[in-house]
Amino acid sequence: MRFLIFTVALIAFPAVAAPICTDASPGGKLPTSLQSGPTLCNEAYAVQESPSAREPLWSAEHLTEEHVESARALTGRAPFHSDLRLENGARSELDDYKRSGWSRGHMTPSGDASDRASRAQTFLLSNVVPQNGALNSGVWDKIERAVRTLATDDGEVYVVTGPAFHENLGTIGPDHIRIPSSVWKAVYDPSEKSVAIIVCKNQTTPSCGQVPYTALVSATGVDPFPALSADIKARDLSVAGWNDLK
């Protein structure tokens with residue numbers, strides 16, 4: 001299966017090596033979606049965009065112990081910026097989030113990036129959805145930290161993150177960026193040969209819970225790990241801290 005690979009010169013951002021999309025997924029098979037949209041390759045992650053919603057359908061990364069250790073030693077942030085690989089009118093812009101009441105929520109976290117170039121790329125708006133600020137800085141941050149701990153403990157994990165739209169929360173900005181009703185994260189641990197999926201409601205007092213693989217696919221149309229066997233997809237991975245999130 002072919003995936004579109006785009007290149008871009010990000011003025012004022014460090015140059016990066018040519019990325020290979022399939023490195024982000026087990027078996028070299030990126031997530032699949034029932035929706036159409038371009039797949040964008042970045043140094044540390046791949047993302048599929050929804051041209052109609054102007055936000056990611058999914059964002060996939062291969063997180064290793066070495067990446068986490070390098071990321072923890074890295075200081076500083078980068079400014080959010082539009083992804084100029086996408087056509088005008090088919091991408092989100094900084095103005096969409098101004099005075100919207102919603103945070104710019106990373107799908108692949110900036111805290112996973114192991115160098116400045118890859119960290120800058122996580123601030124592309126093609127990797128961002130409107131996320132409740134309390135969720136973004138609270139429970140969701142704890143979920144991301146737990147995944148990094150798992151990668152450190154077990155050596156590597158594959159992670160896919162995305163939005164879900166169980167109810168209509170409207171849109172933000174001139175480009176009508178759709179507000180997710182929830183956000184989800186799927187983690188595959190090769191050492192355990194099992195998968196964990198957690199979903200959080202996108203609200204000020206979020207409720208989060210783990211769901212079966214088949215439930216995520218049914219609700220979102222996204223298969224995060226198509227290369228895995230049905231047997232592995234059915235095995236529940238235990239992620240420390242996910243069962244007592246508050």
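Read-outs throughout are calculated quantities, based only on the coordinates presented, and are distinct from any laboratory measurement. Predicted model only: the values in this text are computed from it and were never measured. Counting neighbours? That spans all protein chains shown, and the Cβs are built from the backbone with ideal geometry, glycine included.
Figures for the structure shown
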{"read-out": "Likely footprinting exposure, 245, 94, fewest C-beta neighbours within 10 Å first", "value": "94, 245"}
{"read-out": "The chain - charge dipole about Cα centre, Lys and Arg +1 at Cβ, Asp and Glu -1, debye rounded to 20", "value": "520"}
{"read-out": "Neighbour-count ranking [beta-carbon atoms within 10 angstrom, fewest first] of 68, 183, 211", "value": "211, 68, 183"}
{"read-out": "Hull volume in cubic angstrom per residue (convex hull over the Cα atoms of region 61-120)", "value": "106"}
{"read-out": "Taking the C-alpha atoms of region 84-169, convex hull volume expressed per residue in Å³", "value": "130"}
{"read-out": "R0 of 41 Å, Cβ-Cβ distance residue 94-residue 244: FRET efficiency to nearest 0.05", "value": "0.65"}
{"read-out": "Ranked 235, 148, criterion: other C-beta atoms within 10 Å, fewest first", "value": "235, 148"}
{"read-out": "5 angstrom amide H check on residue 194, placed H, neighbours 5+ away", "value": "189"}
{"read-out": "Two-decimal Rg/Rh across region 127-171, once Rg and the Kirkwood Rh are taken from alpha-carbon atoms", "value": "1.06"}
{"read-out": "Calculated SAXS-style log₁₀ I(q)/I(0) at q = 0.15, 0.20, 0.21 Å⁻¹ - region 119-210, Debye, Cα scatterers", "value": "-0.64, -1.05, -1.12"}
{"read-out": "Karplus-derived HN-Hα couplings along region 117-128 (A = 6.51, B = -1.76, C = 1.60, θ = phi - 60°), whole Hz, x at Gly and Pro", "value": "5, 5, 5, 4, 5, 5, 8, 5, 5, 5, 10, 10"}
{"read-out": "Peptide ranges 29-36, 156-163, 117-124, 97-104 listed from the most packed, as the mean C-beta count within 10 angstrom indicates", "value": "156-163, 117-124, 29-36, 97-104"}
{"read-out": "Span per principal axis, largest first, for the Cα atoms of region 147-190 (Å)", "value": "43, 20, 13"}
{"read-out": "Cα gyration tensor of the chain - equivalent ellipsoid semi-axes, whole Å, descending", "value": "24, 21, 18"}
{"read-out": "Lysines with Cα under 18 Å of residue 185, excluding same-chain neighbours fewer than 8 positions away", "value": "29, 142, 193, 201, 233, 246"}
